[in-house]
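Below is one structure; the comments refer to it alone.
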Amino acid sequence: MHKKITLRLIPALIAVTFSGGAFAAAFQLTGQSASGVGIANAGAAAAAEDTSTLYYNPAGMTYLPEGHNISFATTLLDRSTHFTNEGTAPYTVNPPGISFPIGDNGGNGGGLNAVPALYYSYSLAPQWRLGLAINPTFADETEYDKNFVGRYSGLKTKIRIINVNPSVAYKVNDALSLAVGINFAKADVKFQQALPRAFQSDGLGTLEGDATGWGYNLGLMYQVSKDTRVGLSYRSKIKFDLEGEGSRNIPALATNPAITAELTTPDTASLAVHHQLNPKWAVLADYTWTGWSSLQRLEPMTTTGARAVAPLRYNFKDTYRVGLGTTYQLNDQWMLRLGVAFDKGAVPDDASRTMTVPDQDRTWLAIGAKWKITPKASLDIGYAHLFVKDAKTARNVYSDVNETQLRQTVRGKFETSADMLSLQLNYAF
């Protein structure tokens, strides 16, 4: 398919696709359900509480009531990202010895966004379930003021990756359930960054592109005893083949070569447990791994096989997440939730941290509740605050494909935090 992508901005496209604004390590969007947000997603792969189990572990569909089950969730994500300059030198071209103004801290790069998700499950037979999940698995929106000190690395981004995931689950016996799903993902991206112009105001480069990719996911649920079950889920990598051509708003630099770039999202695996302590209290826990080391660098190429620009180096490392939560059945109508989680960042060092990936370790603190409106309908609410460790950057900016012409090193600190508020309606019929 055809995409319009600014030639020199292909590395930036890849950078923002893995933005920390999504609030899991590097890029993953975590606000997939109110029942999950309200417990910091602790033990989600073993919870099997509502139809959102399709995302966390589709084998959990066999624990839902027979017939039709549907859940619709919307999560409001309010993110604050502030940059503080700590010794960035001007962008300099030498010779002829031209330096461009350093700029300012760029204001708040975050903002308020809504994340919707839809889940549906149907029982073909007592042992068989079909399901469909439609949700944005990756997303970010980042925008700095036009005089941002890091504007030659990144100024504005808008990323949406929507996943359509049909699944089938089978209850092998009273203890074991298995599931498999197919993932079709569509990515839409927009990115803007400043382009330096001698003795004039900066130019602006804009890219817009889209691509599609396929993957799969697997799920297993095992009832160890009447009070304890274990969940195991896996979600595969998805490869996006980006194609495009260059364009700029600076006439003297206008070129339109064809380019390609490969983007692959990492695979993930989660091991979770749900244990019912007594009729009132339950505890949930999980360990989730993400294979970020599969992405070390991305290299935009021309159709002749030559580099289009300098490769974008990430040097990502594998990450993990651990969560612990509890639920309390207050009465027949109300269930209360509480959860904490620690999410390890994927960026290994300051030099690998870009303007649009201020990723760092983060800690969740979450509360939530479920209101059973009728025997067939319920409403979930979840709130979480994310404490993000300050993130340093020392990012080099080059102007040649071989990375020999260093023009600037952006040095500074990102201070980020986020709040999530999620609502979810569940209905069985």
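Things to note:
- Test: residue in segment 371-393 that is touching a helix residue (DSSP H, G or I) at 6+ places or on another chain (Cβ under 7 Å), assigned to a strand (DSSP E or B) and farther than 26 Å from Tyr287 by Cα: yes
- In this structure, Arg337 does not satisfy being in contact with an Asp or Glu (Cβ under 6 Å, 6 or more places away or on another chain), at pLDDT 95 or above and either in a strand (DSSP E or B) or not acidic (Asp, Glu) (or both).
- Per-region count, segment 371-398, residues of a type outside the set (A, V, I, L, M) and more than 29 Å from the chain's Cα centre (by Cα): 4
- Residue within segment 63-72 that is touching a Gly at 6+ places or on another chain (Cβ under 7 Å), touching a residue at least 40 places away in the same chain (Cβ under 8 Å) and closer than 17 Å to Leu176 by Cα present: no
- Contact map, segment 334-345: residues that are closer than 11 Å to Ile381 by Cα paired with residues that are not in a strand (DSSP E or B), Cβ distance under 6 Å, separation 6+ or inter-chain. Pairs shown: Leu336/Leu330; Arg337/Gly38; Arg337/Ile39.
- Filter pass, Val388 being more than 22 Å from Val37 (Cα to Cα), touching a residue at least 24 places away in the same chain (Cβ under 8 Å) and surrounded by 14 or more Cβ atoms within 10 Å (Cβ to Cβ): no
- Filter pass, Arg129 being under 30 Å from Gly67 (Cβ atoms), surrounded by 16 or more Cβ atoms within 10 Å (Cβ to Cβ) and touching a residue at least 40 places away in the same chain (Cβ under 8 Å): yes
- Ala428 of a type in the set (Gly, Ala, Ser) and over 29 Å from the mean Cα position of the chain (by Cα): yes
- Answer residue from segment 360-371, given it is buried (at least 24 other Cβ atoms within 10 Å of the Cβ) and in contact with a Ser or Thr (Cβ under 8 Å, 6 or more places away or on another chain) and is farthest from Glu415 (Cα to Cα) among those: Lys370
- Segment 228-278: number of residues that are surrounded by fewer than 23 Cβ atoms within 10 Å (Cβ to Cβ), modelled with pLDDT under 85 and not in a strand (DSSP E or B): 11
- Annotation: Ala139 fulfils all but one of (1) over 25 Å from the mean Cα position of the chain (by Cα); (2) surrounded by 20 or more Cβ atoms within 10 Å (Cβ to Cβ); the unmet one is (1).
- Taking segment 293-325 as the range and being farther than 18 Å from Ser270 by Cα, in contact (Cβ under 8 Å) with a residue 24 or more places away in the chain and part of a strand (DSSP E or B) as the test, the residues that pass are Leu298, Met301, Thr302, Arg307, Leu312, Arg313.
- Condition check for Val397: hydrophobic (A, V, I, L, M, F, W, C), surrounded by fewer than 23 Cβ atoms within 10 Å (Cβ to Cβ) and either at positive phi or at pLDDT 95 or above (or both): no
- For segment 162-194, the set of residues classified as over 30 Å from Leu118 (Cβ atoms) and either touching an Asp or Glu at 6+ places or on another chain (Cβ under 6 Å) or modelled with pLDDT of 80 or more (or both) consists of Asn173, Asp174, Ala175, Ala194, listed by residue number.
- Screening segment 304-337 for residues that are more than 21 Å from the chain's Cα centre (by Cα) and among the polar types (S, T, N, Q) and picking the one that is surrounded by the most Cβ atoms within 10 Å (Cβ to Cβ) gives Thr327.
The values are calculated or read from the model by the stated rules, or taken from the named source; none is laboratory data. These numbers were taken from a predicted model, which means no experiment stands behind them. All Cβ positions, glycine included, derive from the backbone under ideal geometry; neighbour counts span all protein chains shown.
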